[in-house]
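The values are calculated or read from the model by the stated rules, or taken from the named source; none is laboratory data. Given the structure is predicted, the values throughout are model-derived calculations rather than measurements. Positions of Cβ are generated from backbone atoms using ideal geometry, with glycine treated the same way; all protein chains shown enter the neighbour counts.
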Amino acid sequence: MTTGIGDNPMSKASQANQSFSQRTAITLVIANMVGTGVFTSLGFQLLDIQQGGIILLLWLIGGIVAFCGALCYAELGAALPRSGGEYNFLSRIYHPGAGFVSGWVSVTVGFSAPTAAAAITAATYLKSVFPDLSVVVTSVTLVMAVGAVHLGARNGSSVFQQAFTGVKILLILAFMVAAWWQVESLQQIAWLPETSDLALIGSGGFAVALIYVNYAYTGWNAATYLSGEVENPTRNLPRILMIGTAAVTLLYLALHVMFLSVAPMEAMAGKVEIGYVVADYAFGPTGAALVGGMLGILLVSTVSAMLLAGPRALQVMGEDFKSFATLSKTTKSGIPAVAVVAQILLTVGLIVTSSFEQIIVFSGALLALNSLLTVVGVLILRWREPNLTRPFTMPWYPVPMVVYAVIIFWTLVYLVMERPLEGLMALILIASGGAVYWLTTLRERSAPENQSK
């Protein structure tokens, strides 16, 4: 039987003297967000939308939605400072079963799929420098190597995460400046949409494109997965979420201005390796190969961030359900080693069996649904527990919650209409999580009876 999640103290691992600093947590948020999506999504968006102003509007809306979500999560994370992200929130707000299904989604797809996509993209870019590389083998090797780092002490994880995220941001900024400087002539882009272009905003193509954008912004909530291991989470968590999300929004807008002004839309439409295509126009084939290798290296921090945050959801599920107790086991330094290994194996499985686009759309839809229920949970928790101590309350309530909920719900409706197969896959995964929860609780209820016999 589950323990009372709302009343649980934080785990011994969470209460350990070692903790992640605010700086590490901010780099975790940035690294989770700046990864596969921003360097691949534009190619899919350009298949339906080829107007520069509308493309930028997509990314601005995505940033606003992410920031609204961050404000909601900041309130929940400060009030309920336990690791686990949505698993922790939904268990407390709705029911342990809702939390379990959310955790099931997070650990099977929510982190494993983006990690797999980031590793595949990194390997694809590295292949531009080393043509004989196998994308699958390189992806699997990268995941296992980074996972090994996070099986060590927190200090090692922190230094690794901060270093690679810092290098990532510097390389991206250098790439942007160099591309603008080196390209022979900039593309003529209409940055302000015409009246006829505004009809695209209500289209199915715009809604599906927004799914890709939301996927690229996924990760703004990453710090909530290790809230219990962050220094003074009730004070620092809101700051971490808001700073990380705002910084990435500005970076994404600047990147897309650069992409669209350096390379023709026709050359990027339908392509996965957008960075390579843009670099080819700016620097030529040799320079493009070098930039491709650089982009492959910078995605290491994304793989690292996912493998750092994801196992914490597995860990807290193991703390609450006896059937999964093995997942809660930690090393002497408080690292959930079994959960890290499980996350590595799930990611490797997706790399070997799934296509890149399906990973993005399928996991993007599930993560959007997960966060939608959590954001609406702010209203429910305020109603159910009005006297709960809230060290941070979102400004302009309920506007951020409503903006997030309306836009995410709209994109999910269009996604089911436009991509019913991915919608069905998401439904099957949710149903399987519910079935596992029912079987788990049934088994744990009967355990005392069996023992008494």
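Does THR138 satisfy the condition of being closer than 30 Å to PRO336 by Cα and among the hydroxyl-bearing types (Ser, Thr, Tyr)?
Values: closer than 30 Å to PRO336 by Cα: yes; among the hydroxyl-bearing types (Ser, Thr, Tyr): yes.
Taking the combined requirement at face value, the residue satisfies it.
When you scan region 182-197, do you find a residue that is out of contact with any helix residue (DSSP H, G or I) (no Cβ under 8 Å at 6 or more places or on another chain), at pLDDT 85 or above, assigned to a helix (DSSP H, G or I) and more than 28 Å from GLY103 (Cα to Cα), even just one?
No, every residue in region 182-197 fails to be out of contact with any helix residue (DSSP H, G or I) (no Cβ under 8 Å at 6 or more places or on another chain), at pLDDT 85 or above, assigned to a helix (DSSP H, G or I) and more than 28 Å from GLY103 (Cα to Cα).
Enumerate the pairs (first residue in region 393-420 and free of Cβ contacts under 8 Å to residues at least 24 places away in the same chain and within 30 Å of ALA78 (Cβ to Cβ); second residue anywhere and outside any helix (DSSP H, G or I) and acidic (Asp, Glu)) with beta-carbon separation below 6 Å, excluding pairs fewer than 6 apart on the same chain, so at least 6 apart or on different chains.
Listed by first residue and then by second, the contacts come to nothing, as the list is empty.
Restricting to region 228-250, name every residue that is within 16 Å of the chain's Cα centre (by Cα) and either crowded, with 24+ Cβ neighbours inside 10 Å or within 26 Å of ALA339 (Cα to Cα) (or both).
Result: ILE240, LEU241, GLY244, THR245, VAL248.
Restricting to region 168-189, give me the number of residues that are closer than 16 Å to ILE297 by Cα and hydrophobic (A, V, I, L, M, F, W, C).
Start the filter on region 168-189 by keeping residues that are closer than 16 Å to ILE297 by Cα, which leaves 168-175.
With the extra rule that they be hydrophobic (A, V, I, L, M, F, W, C), the set shrinks to 169-175.
Count: 7.
In region 207-259, how many are of a type in the set (S, T, N, Q), closer than 18 Å to LYS168 by Cα and in a helix (DSSP H, G or I)?
Let us first name the residues in region 207-259 that are of a type in the set (S, T, N, Q), namely 214, 218, 221, 224, 227, 232, 234, 236, 245, 249.
Cutting the leftovers down to closer than 18 Å to LYS168 by Cα gives us 218, 245, 249.
Within this subset, residues satisfying the condition of being in a helix (DSSP H, G or I) are 245, 249.
Count: 2.
Of all the residues that make up region 298-319, how many are under 24 Å from ALA267 (Cα atoms) and assigned to a helix (DSSP H, G or I)?
Going residue by residue through region 298-319, those that are under 24 Å from ALA267 (Cα atoms) are 298-299.
Next cut, assigned to a helix (DSSP H, G or I) only: 298.
Final tally of qualifying residues: 1.
Under 9 Å by Cβ, and 6 or more places apart or on different chains, what pairs join a residue from region 172-188 that is farther than 13 Å from VAL291 by Cα with one that is at pLDDT 90 or above and assigned to a loop (DSSP other than H, G, I, E, B)?
Going by the 9 Å Cβ cut-off, the qualifying pairs are VAL183/ALA263; GLN187/ALA263; GLN187/PRO264.
Here's the yes/no breakdown for (1) under 23 Å from the mean Cα position of the chain (by Cα); (2) within 22 Å of ALA279 (Cα to Cα):
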{"site": "SER134", "(1), (2)": "no, no"}
{"site": "THR141", "(1), (2)": "yes, no"}
{"site": "GLY156", "(1), (2)": "yes, no"}
{"site": "GLN188", "(1), (2)": "no, yes"}
{"site": "THR195", "(1), (2)": "no, no"}
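Out of all the residues in region 65-78, is one or more over 19 Å from the mean Cα position of the chain (by Cα), modelled with pLDDT under 90 and within 30 Å of ARG384 (Cα to Cα)?
Checked against the condition, which is being over 19 Å from the mean Cα position of the chain (by Cα), modelled with pLDDT under 90 and within 30 Å of ARG384 (Cα to Cα), region 65-78 yields at least one hit.
Of everything in region 268-287, what is in a helix (DSSP H, G or I) and either at pLDDT 90 or above or crowded, with 18+ Cβ neighbours inside 10 Å (or both)? Give them in sequence order.
MET268, ILE274, GLY275, TYR276, VAL277, VAL278, ALA279, ASP280, TYR281, ALA282, PHE283
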